[in-house]
1. Could you tell me which of the residues B:A60, B:A23 is free of Cβ contacts under 8 Å to residues at least 60 places away in the same chain and farther than 30 Å from A:L333 by Cβ?
2. Would you say B:L17 is within 15 Å of the chain's Cα centre (by Cα), more than 13 Å from chain A (Cβ to nearest Cβ) and part of a helix (DSSP H, G or I)?
3. Looking at the range A:35-44, can you tell me whether even one residue there is free of Cβ contacts under 8 Å to residues at least 24 places away in the same chain and under 30 Å from A:G305 (Cα atoms)?
4. Hey, does the range A:401-412 have a residue that's outside any loop (DSSP other than H, G, I, E, B) and among the β-branched types (V, I, T)?
5. Quick check on the range B:1-14: of everything there that is more than 16 Å from B:K79 (Cα to Cα) and either touching a helix residue (DSSP H, G or I) at 6+ places or on another chain (Cβ under 7 Å) or surrounded by 12 or more Cβ atoms within 10 Å (Cβ to Cβ) (or both), which residue is farthest from the other protein chains (Cβ to nearest Cβ)?
6. Considering only residues that are touching a Lys or Arg at 6+ places or on another chain (Cβ under 6 Å), without any contact (Cβ under 8 Å) to a residue 24 or more places away in the chain and more than 14 Å from chain A (Cβ to nearest Cβ), which ones fall in the range B:63-92?
7. With the requirement that a residue be closer than 21 Å to B:W8 by Cβ and either among the small types (G, A, S) or not assigned by TED's automatic domain parsing to the domain that holds A:R299 (or both), what does the range A:327-370 give you?
8. Looking at the range A:312-322, which of its residues are modelled with pLDDT of 95 or more and not polar (S, T, N, Q)?
Amino acid sequence: MNHIGHGNKEIVERVIAPEEAARAIKGLTPVPVSNQIANEIIDIAYGFFTPLEGFMTRADVDRVCKEMRLANGVLWSIPIVFDMSSEEINEKGIKEGDKILLTFQNQPMAILEVEEIFAYDKQEMAQRVYGTTEEKHPGVARTYRYKDKFLGGKITLVNPPKINPPFEEFFFTPRQMRQKFAEKGWQRIVAHQTRNVPHTGHEWLMKGSWLQAHGELPVEKTITGVLVNAIIGEKRKGDYIDEAIVLCHDVLRKAGYFREDVHMTSITLWDMRYAGPREAVFHAILRTNLGLTHHMFGRDHAGVGTYYDPYDAHRIFDQIPEADLRIKPVRVLEWWYCPVCAEVTYSGLCGHIKERQNFSGTLIRSIIQDGVKPPRLIFRPEVFDLIMECAEKYGFGDAFVTDRYLKERNPVFVLPEMKY
Amino acid sequence: MSITINIWINEERLAKLQKAGLAEMAQEVLAGLKVLKVPCTEEQKDKVLKVFPTAKYDSATTRSIELLPREVKDKIFDKVVEKQSLDIMEDFLKDY
């Protein structure tokens, strides 16, 4: 099977067996890590971030910021860094050449081979990656929250996570995902990036991009699929709860809005940076590694506020040589409701510009919060009913993230108990 | 296109509108939803976002302020019914 990922590099899993792991971690200095770092350890170890084998060294960070490339020249758009304070580094006596044990949930998680300890100007990083130094940009704020030093080096997962229900059936490593695609007989797969419960605008974005990706291929047999890849990461109050996002996407197929043989739901662990065009490139890289051939990009992909033009995330692909990406961008305009056509229709085709009625995920959230059930043409009743079910089952009575959900939710994954 | 706050009409709000003889004030949108579109100026929008931090201005798609707490929208709705007008934001924001 083809396991070639981004940068034409083989997807390698950096995971060691339990017996070897127990020996390897003996005597290493433990360093607890944040949720973000824990997610990224999993991503690196299973090859989601191929060709990265660890957290970036200064040369990688610098070239990513300035030229959107790794030090070896491979296209890369977002710095993947492990931050630590000088105080903690001194206190624990960590120096270049050491191996340290990264822990999470009070359990061993991974070994980091400390190749380099370095500082980087966070304002410079923010300006280059996000195009702004304003702290109200969530990606910039995340950058400023980094501690004053970064540790670069390879990581090895020593304690594979156990993914909790209901997410376990949607988590596939890049190798597992490619196996799935082979079983389905899919030759072309188009990614739908999401952090939202789907309304019919999303449904049509997926259907439209499936048609675009399928293109000239024969139609008697299904050889093209849509992969919903939900980003599971840091939540903010008022977001849909993760369980509702994943299960509601999956119900679109279960309820027949997509055929069983063309649609699949999956998750990736990642804290969104809202880097607009740069994040679009990152998403393309991520989905390349998952084995996809096409990636749909809609209006204002991974944007926030008014920091990016709605189609910056389309245009950035014009600047990238085709040979640098093993995935094709599928660029789409929005779908809107047209009362004249009496349907949800593509803005690139519908001529009833004055009559059009735009809707968005935020608007639908508002409708639901007002206690109104949206019409099925806008929001599928099966999705609505499932949101309500998820609210009861996972959200402490609320479909949207609350303080209680943030504190008491069942974690997406746990690290099994391991002696060290 | 002006900035609006969308007050979606649920059964309770519809009953109040009908009682006040204002049912016609609601527009029908999105294949059968009823909504009161309460207009806001740029300054009023900024104040709403400051006073109610959960609110979000959807500048990209709908140019509307969304995700206001339901009780706040109930108050805006009640003000519309009381004044029999959609033009109430200046009055509403006096209390904040």
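The values are calculated or read from the model by the stated rules, or taken from the named source; none is laboratory data. Fair warning: this is a prediction, and the values are worked out from it, not measured in the lab. So basically every Cβ, Gly included, is an ideal-geometry build from the backbone, and we count neighbours across all protein chains shown.
1. One residue alone meets the criteria, B:A23.
2. Here the answer is yes, as B:L17 does meet what is asked.
3. No, there is no match, as no residue in the range A:35-44 is free of Cβ contacts under 8 Å to residues at least 24 places away in the same chain and under 30 Å from A:G305 (Cα atoms).
4. no
5. Per the stated criteria, the residue is B:I3.
6. Within the range B:63-92, B:F92 is the sole residue that qualifies.
7. A:A342, A:S360, A:G361, A:S366
8. Scanning the range A:312-322 gives A:D312, A:A313, A:H314, A:R315, A:I316, A:F317, A:D318, A:I320, A:P321.
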